[in-house]
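Heads up: the structure comes next, in structure tokens.
Every number here is computed from the coordinates shown, using simple stated rules; none is lab data. Just so you know, these numbers come straight off a predicted model, no measurement behind them. Here the Cβ positions follow ideal geometry from the backbone for every residue, glycine too, while neighbour counts run over all protein chains shown.
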Amino acid sequence: MTLDFLTLHERAIRDAVSATKLIRAELASGSCWRNASIAKIVPELSRRIIERACETIKLRANADGECVGGEIMDSLREAGVELGANHIEILRAKNLLVRSMESGGEAYPADILQDYANRIPISTALRFLNQALVRID
């Protein structure tokens, strides 16, 4: 019985080593990332969180059509909770939003998302969220 267990164990280790070598070869060649899009990396739940946050931001705008940047993060958090997402999924959606804001030219996107003092136009907030949605596609 011990001999059979050792044989199975040795076979499992050998298979794991060969799989690791294959993965390293693919990563080294770069062929696995050439045709990859962010949609293959970002789950559908992140898309739904951002879409729901867009709807919430529209409702939170004041009469002048403005909101604060912190409300964007609050709406992401609330959308994630409403959809039953765990904390990691909400952080993934926030990370996607910050990366899309950076690629859109914002110098300090995390500061904007934590700012409750300065108001920004609702069109700017929706542009940030829509850029994140386009980045998923």
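Structure data summary
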quantity	calculated
3J(HN,Hα) from dihedral phi, region 106-118, Karplus parametrisation 6.51/-1.76/1.60, rounded to Hz, x for glycine, proline	6, 6, 10, x, 5, 5, 5, 6, 10, 8, 10, 9, 9
Total formal charge among the other residues, if their Cβ is under 13 angstrom from that of Ile72, Lys/Arg +1 and Asp/Glu -1	-1
Sorted peptide list for 100-111, 122-133, criterion being average Cβ within 10 angstrom, highest first	122-133, 100-111
Nonlocal amide H pairs with Glu66, under 5 Å, H built at 1.01 Å	Ile122
